[in-house]
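Notes follow the structure.
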Amino acid sequence: TANYIKWVEFHATCEALAAAYDLDVATCKEKIHLNWIELLAYAGAKHGGKFDRNSVREIETVAEKLRDGETTMDQLTKDMEYYEYYLEAYSAVLSGMVGEFSLEEDGKWKRYYGLKAFSRLPLSGYRPYAARRRKHASGFRKTQNLPAPLLYRYPSAKTPPHPDRNRRPYQTR
């Protein structure tokens with residue numbers, strides 16, 4: 001049988017994502033580059049995938065140790081039973097979202113390092129919990145599936161629920 005992850009729950013908080021991302025971007029040109037997925041996997045493995053208010057402090061503490069050269073991620077995680085699992089799972093969710101990219105400015109291409117992924121939703125007019133409905137010939141309205149934004153930068157925001165495809169359609173009469 002194949003040994004692959006069939007299901008994973010990703011519960012990293014916005015604060016933990018932002019802290020790990022900021023550390024990754026801040027160290028992109030340094031001798032010791034911190035990978036945001038590795039930082040999140042470390043915190044996830046240490047606390048069973050649960051992120052709380054102390055997760056940011058945990059990420060910053062381990063990042064400081066890594067930047068100072070006191071230890072390496074391999075040394076920190078050698079006795080962590082589930083680190084490899086969380087690294088694989090979080091890589092499946094987040095890999096490719098942060099890295100180098102080029103933008104054309106004033107006719108010249110400039111290289112940058114940062115968030116490459118984006119949400120195709122417009123910045124204005126999006127209401128995460130409001131369902132858009134489309135009227136059918138039967139007189140019922142069906143809720144359309146809306147893509148969720150990739151990363152919220154607001155501390156109190158939560159991922160909007162995904163519309164249930166098995167939900168009964170709304171009646172308009």
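The numbers here are math on the coordinates, done by the rules we state, and not lab data. The structure displayed is predicted, hence computed values, not measured ones. Cβ: placed from backbone, ideal geometry, glycine included. Neighbour counts: every protein chain shown.
Counting only aspartates and glutamates at least 8 places from Lys65 when in the same chain, those with an alpha carbon closer than 18 Å to its own are Asp22, Asp24, Glu30, Glu38, Asp74, Asp79. Of the trypsin sites (Lys or Arg not before Pro) found in segment 44-83, the ones in coil according to DSSP and having at most 12 other Cβ atoms within 10 Å of their Cβ are Arg53, Lys78.
Taking the average, over residues, of other Cβ atoms within 10 Å as the packing measure, peptides 107-115, 86-94, 35-43, 17-25 rank 35-43, 17-25, 86-94, 107-115 from highest down.
Stretching the chain fully between Lys108 and His47 yields a gain of 17.4 nm (0.36 nm per residue, less the alpha carbon separation). Using R₀ = 25 Å, calculate the FRET efficiency as 1/(1 + (r/R₀)^6) where r is the Cβ-Cβ separation of Phe10 and Leu115; round to 0.05. The pair Phe10/Leu115 has a calculated efficiency of 0.90. Site pair Arg57 and Lys31 shows an inter-label distance of 3.1 nm when each label is modelled 7 Å from Cα along Cα→Cβ. Between Asn3 and Ser91, the modelled labels are 1.4 nm apart [label points 7 Å from Cα along Cα→Cβ].
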